[in-house]
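Taking it in order: structure first as structure tokens, then the write-up.
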Protein chains: 2
Amino acid sequence: MHLNGRARIGFDLASPGPGRFRAINPATGAELEPEFHSATDKEIDRSASLAAEAFASYSRVSAHDRANFLRTIARNIEDLGEALVDRATSETALPPDRIRSERGRTANQLRLFADVLEEGSWVDARIDRADPERKPIPKPDVRSMLRPLGPVVVFGASNFPLAFSVAGGDTASALAAGNPVIVKAHPAHPGTSELVANAIVDAAQSCGMPNGVFSLIFDEGTRAGTALVQHPAIQAVGFTGSRAGGTKLMRLAQSRPEPIPFYAEMSSTNPVFILPGALRERGPQIAKGLHVSFTLGAGQFCTKPGIVLTEDSPEAGALAKGLGELLEDSGSFVLLTKSVHSAYASGLKNRGRTSHCIANHAAVSDPGLRASAAVFESTGASFLANPDLAEELFGPTTLLVRCSTRAQLLQVARNLEGQLTATLHATDQDLAAYADLVAILEQKVGRILVNGFPTGVEVGYAMVHGGPFPATSDSRATSVGTRAILRFARPVCYQTFPTAALPLELQDANPLAIWRMIDGKLTREAIVESSLQHV
Amino acid sequence: MHLNGRARIGFDLASPGPGRFRAINPATGAELEPEFHSATDKEIDRSASLAAEAFASYSRVSAHDRANFLRTIARNIEDLGEALVDRATSETALPPDRIRSERGRTANQLRLFADVLEEGSWVDARIDRADPERKPIPKPDVRSMLRPLGPVVVFGASNFPLAFSVAGGDTASALAAGNPVIVKAHPAHPGTSELVANAIVDAAQSCGMPNGVFSLIFDEGTRAGTALVQHPAIQAVGFTGSRAGGTKLMRLAQSRPEPIPFYAEMSSTNPVFILPGALRERGPQIAKGLHVSFTLGAGQFCTKPGIVLTEDSPEAGALAKGLGELLEDSGSFVLLTKSVHSAYASGLKNRGRTSHCIANHAAVSDPGLRASAAVFESTGASFLANPDLAEELFGPTTLLVRCSTRAQLLQVARNLEGQLTATLHATDQDLAAYADLVAILEQKVGRILVNGFPTGVEVGYAMVHGGPFPATSDSRATSVGTRAILRFARPVCYQTFPTAALPLELQDANPLAIWRMIDGKLTREAIVESSLQHV
């Protein structure tokens, strides 16, 4: 499939600009064709003003038509077939089956948001009927619902070339809510990004969406992203990436003359607490699950279990030994990018200074970005004394922390920064005995799992992929699951509007047959009398 | 009723500290007894750590018991009787009937949140049932709901000594969501604040709530507020006040090592657009309504209509003349505080430099903080050329802007900053002809009114009292209405939890009989089978 290597500014291809870069195959180190052209400042500005123009009409496209648009994008992505799989595999070194399953997830996610639009309750439509008889003054008719924010910028992530990139969860939820989207492609997979962008632009054109509803920007560095976050037309940002990068962009978004919502999913060590009963009952089984989980995708998931906590015991020693043995069966891994690879290498070195390396499979660094798995071990006291041990280390490694007492385990939990997840391996008795630990974790994380592993995030209605800082920049939001749409909308209230001037969602007849809150009660019924009746 | 003049740190009275100040009667300029003591740094820290301790238990108090707590606060405030009215009147110069009606609003608001807790759908409970048969991997049971954030700091507002102060909407919604609250009292009405704080503390004790669920801090300056916003135990802030003060605190909240949600309601000119048909049909009637609205409460409402826009016409001239005549019947006004009074005086002076003063009732500045109403007039071109005319001027004044053309009117609308409200006076024909104006305003404001006036904010389910920056610091939120509770909560997800370890809201049996989303469908039914059944 032919690649142009040029940005998409609305429906148009950008001109071939002066800034150029190529993707690299992480498995071989080879540069891939073609050259990609970084967008010029003028093109970036044009994408933003085109998005602002598109907002005027796209924000008024019906829920049904937006659902159709999302479903068309899903089908177009599937129709890219093996060309997409081949390109994504060569740009990421992720196995073809992983790419196929990620493609399925991406398409299903778009369809799920289409379902959400048609079900309609997400807009939180509310109607407080008028009461002309109220004393001392009549009560007016007040209605409100969520409306889109405006143009949204999305930063593609390196570790999910499809599901958290050009047509990933951020884009799907922002488009679903009625916002135009400008994607800053991750420079590690520009070809994959271009293919998916074509699928979106084709869908926009075939569904009659306005020019500017979607643009794709290339840039190897930070110039384009910085300019987009600061552009006055941009009203919100979705980001998945590093803590340093996310925090920097967050500060930019906050220090604009008009600050805007900024959603970064950044950094998490996803602590796993193995409680005494569970450790006694099924330590070896837990070790196996942990090994799979922290090496899955070469340990490059934001939900990778990076810290494993136990109280000290003979079984805890056996767990460490077991994990070390499992590592012998780990082959070598290919990491996504040069920067991930070098951060992993230096991270392992640093970690070795403050904790004991119990297993480090011999590194093979050639050809490509190869690395081996490693397991470290520390005591609770040493973990508390060395804050660097609590930092995320991207790649196939984890750290066992053996606490001397239950009290120390709780102290470690209290000292944790915000996390996407925490996991408990626990018997029912453990859970009852550690209710205080559960209460601490509830304040620290977005998702608590019992007897599972944090990798593998279900895309559904109830999922929360978020958490307190630094897991994300906004603990009120999730970037996975249908609640993600709420990030890109705000309530707008209509007082004493003639029904014809109201959005369909708020009209008396409830033409979309959605759930609404009328005078405080949830109902799908139409309103027969707009005013309260007094007998 | 006896006043101590001392902060409440949880259930305890603070010691009389070195920093002291007194309230002033704005109508007379007289200092009021007693002296109030600014909280010391140690007391501020103690209030925050006590709140953090209280959070562990208060966040687990049942919805029913929190509802009871809120209703007890409401009753206790009502039981303060005329002592509260007398004190609030002498501290604010607001008329006793206004204070009584604000007390009613405050109590009703607390009871409304109690209703919200018992109805229960606000927690957005969601359950995605397990599917053990799913291929390639089983689907886990995933459940989630909104949980409280942690200790919240609330800044009392000068212009609503009850409804936006110690037990106002911020406190009511934060307590309702399950968060301890520390109120920084506005120094203009410390006596009123102390009385209401006593009502809350008494309710907390009689309802068995934990010590630290509520504290009240006095400080004449900014030291206490600054320390509270930066305190690591604090997880969110609600503020109502000036743009300068709100923006400064917003920056502090954002630049913490762990940034926290910050909700400031700050600045709005609440533009009123009088469209040609409505102006022709009922210009004089609109002028009367405007006069009442911009002088109500001495023009010290955040929803005061500060800008009135028309296209130029003979009727627009008559409107200006009519407003000028109505001003002759305006008596003099007493403003709330010295700083409001001096800002109003200098604001009028500045405004006179860039616009034409068509009526300024002779100022009476003695005794007390007296001021007169004023109306200014400008052209659309001059308004666009002088950005200071678009700034909020607190007090009984408004600015008429006569635009030369429809296009200029739209340009002025596009140039507006974010607003709490915009109002249209319009016939049905006007509304149809100005659909583009409505679309512009929808992006600029939290609430759009047709043929009404923005002052008088209904406390209900559908109200939105918010809007894009600088109207508020977070356009996704409202500080009035039941949606205000959403500001102080975040989603937490429980994966594969035994049902007994789940919050009641998420248990299979639905013991609270609340609305929940199960596999994407809203229902109040219990779950009989936790897993999807395959036939």
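We did not get these values from a lab; they are worked out from the coordinates using the rules stated. What you are looking at is a predicted structure, and each value in this text was computed from that prediction instead of being measured. Positions of Cβ are generated from backbone atoms using ideal geometry, with glycine treated the same way; all protein chains shown enter the neighbour counts.
Amide H of B:V308 versus every other amide H placed in the peptide plane: which residues, excluding those fewer than 5 positions away on the same chain, fall under 5 Å?
Here B:V272, B:L399, B:L400, B:V401 satisfy the definition.
Which pairs break 26 Å Cα to Cα here: A:K288/A:K338; A:K135/A:K521; A:K248/A:K338; B:K184/B:K338; B:K321/B:K444; A:K139/B:K304?
Check vs 26 Å cut-off fails for A:K288/A:K338; B:K321/B:K444.
So, with +1 on the Cβ of K and R and -1 on the Cβ of D and E, and no other charges, what is the size of the charge dipole of the range A:272-450 about its Cα centre, to the nearest 20 debye?
320 debye
For B:A7, which sequence-distant residues (separation of 5 or more, or a different chain) have an amide H within less than 5 Å of its own amide H, given hydrogens modelled in the peptide plane?
Distant-sequence amide H within range of B:A7: B:A14, B:H37, B:F218.
Run the numbers for A:D508 and A:R134: contour at 0.36 nm per residue of separation, minus the present Cα-Cα distance, in nm.
132.5 nm
With θ set to phi - 60° and the Karplus curve 6.51 cos²θ - 1.76 cosθ + 1.60, what are the ³J(HN,Hα) couplings of the range B:282-298 in order, to the nearest whole Hz, using x for Gly and Pro?
The phi angles translate into 8, x, x, 5, 5, 4, 4, x, 4, 4, 4, 5, 7, 9, 4, x, 6 Hz.
What is the set of long-range amide H partners of B:G452 at a cut-off below 5 Å, with H atoms built 1.01 Å from backbone N?
It is B:L424, by chain and number.
Once you have the Cα-Cα distance between A:S62 and A:A526, take 0.36 nm times their residue separation minus that, and quote the gain in nm to one decimal.
165.1 nm
Residue separation times 0.36 nm, minus the C-alpha to C-alpha distance between B:S49 and B:R282: what's the value?
78.0 nm
Report the Rg/Rh value for the protein assembly as shown, based on alpha-carbon coordinates and the Kirkwood definition of Rh.
In the protein assembly as shown, Rg relative to Rh is 0.98.
What ranking of B:F262, A:F294 emerges when the number of other C-beta atoms within 10 Å of each C-beta is taken as an exposure proxy, fewest first? Write down the numbers at each step before the final one.
Values: B:F262 24, A:F294 28.
The order, fewest Cβ neighbours first, is B:F262, A:F294.
Take peptide A:126-133, look around each residue's Cβ out to 10 angstrom, count Cβ atoms belonging to other protein chains, and average those counts.
Working: counts 8, 3, 8, 2, 0, 0, 0, 0.
Average neighbour count from other chains, rounded to a whole number: 3.
In what sequence, highest mean first, do A:162-172, A:263-273 appear when ranked by Cβ atoms within 10 angstrom?
Ranking, from highest mean packing down: A:162-172, A:263-273.
Which value in nm describes the separation of the simple spin-label points at B:D329 and A:D519, placed 7 Å from the Cα toward the beta carbon?
If labels sit at B:D329 and A:D519, their model points lie 3.6 nm apart.
Simple spin-label model, 7 Å along Cα-to-Cβ: B:K42 to B:I358 in nm?
So the two model labels end up 6.1 nm from each other.
I need the shape label for chain A. Rule: rounded when a/c is under 1.5, else prolate if a/b > b/c, else oblate, with a, b, c from the alpha carbon gyration tensor.
Cα axes put chain A in the oblate bin.
Would you mind giving the mean number of other chain beta-carbons within 10 Å of the Cβ of each residue in A:446-452, as a whole number?
Partner-chain Cβ atoms within 10 Å, mean over residues of A:446-452: 6.
If you take every DSSP beta bridge fully contained in the protein assembly as shown, what fraction is antiparallel? Give it as a percent rounded to 5.
Antiparallel bridges make up about 40 percent of those DSSP assigns within the protein assembly as shown.
Expressed as a fraction of 2.2 N^0.38 Å, the rule-of-thumb size for a compact globular protein of N residues, what is the C-alpha radius of gyration of the range B:272-450?
Compactness ratio reported: 0.99.
How large is the helix-only mean residue ellipticity at 222 nm for the protein assembly as shown, computed as the sum of -39500 (n - 2.57) over DSSP H runs with n ≥ 4, divided by its residue count, in deg cm²/dmol to the nearest 500? Please list the in-between numbers first.
Values: 30 runs with 398 residues, N = 1070.
The per-residue figure over the protein assembly as shown is -12000 deg cm²/dmol.
May I ask you to order B:383-392, A:298-307 by the average number of other C-beta atoms within 10 Å around their residues, highest value first?
Values: B:383-392: 16.9, A:298-307: 24.6.
The packing order, highest mean first, is A:298-307, B:383-392.
If I model a spin label at A:Q429 and B:S404 as a point 7 Å from the Cα along the Cα→Cβ vector, what separation in nanometres do I get?
Taking the two extended label points, one gets 8.7 nm.
How many partner chain Cβ atoms sit within 10 Å of a residue's Cβ in peptide A:476-485, on average, as a whole number?
On the way: counts 13, 3, 4, 0, 1, 6, 4, 5, 0, 0.
Per-residue shielding by partner chains comes out at 4.
Rounded to whole Å, how close does chain A get to the rotation axis onto B by Cβ? Give me the residue too, please?
For chain A, the closest residue to the axis carrying it onto B is A:Q254, 2.
Tell me which trypsin sites (Lys or Arg not before Pro) from the range B:493-527 have a DSSP coil assignment and no more than 15 other beta carbons within 10 Å of their own.
Counting only loop positions with at most 15 other Cβ atoms within 10 Å, the trypsin sites (Lys or Arg not before Pro) in the range B:493-527 are B:R524.
Residue by residue through the range B:464-477, what is 3J(HN,Hα) from phi via Karplus (6.51 cos²θ - 1.76 cosθ + 1.60, θ = phi - 60°)? Round to whole Hz and write x for glycine and proline.
For the range B:464-477, the Karplus-derived couplings read 10, 10, x, x, x, 3, x, 4, 9, 8, 8, 5, 7, 10 Hz, x marking Gly and Pro.
For each of B:H465, B:H64, count neighbouring Cβ atoms within 10 Å of the residue's Cβ, then give the residues from fewest to most.
Listed from fewest to most nearby Cβ atoms, that is B:H64, B:H465.
Quick one, what does Rg over Rh come out to for the range A:434-503 if you take C-alpha atoms and the Kirkwood Rh?
Reported Rg/Rh, Kirkwood definition of Rh: 1.19.
Taking the Cα centre of the protein assembly as shown as the origin, how large is its charge dipole in debye, to the nearest 20, when only Lys and Arg (+1) and Asp and Glu (-1) carry charge on their Cβ atoms?
In total the dipole reaches around 920 debye.
If you place +1 on the Cβ of every Lys and Arg and -1 on the Cβ of every Asp and Glu, how big does the dipole about the Cα centre of the range B:46-142 come out, in debye to the nearest 20?
Value, rounded to 20: 240 debye.
From the backbone phi of the range B:42-48, what are the Karplus-calculated ³J(HN,Hα) couplings (6.51 cos²θ - 1.76 cosθ + 1.60, θ = phi - 60°) in whole Hz, Gly and Pro given as x?
For the range B:42-48, the Karplus-derived couplings read 5, 5, 4, 4, 5, 4, 6 Hz, x marking Gly and Pro.
With a cut-off of 20 Å, note down the residues of the range A:1-33 whose backbone N falls inside the zone around a label point 7 Å from the Cα of A:R223 toward its beta carbon.
A:5-10, A:13-23
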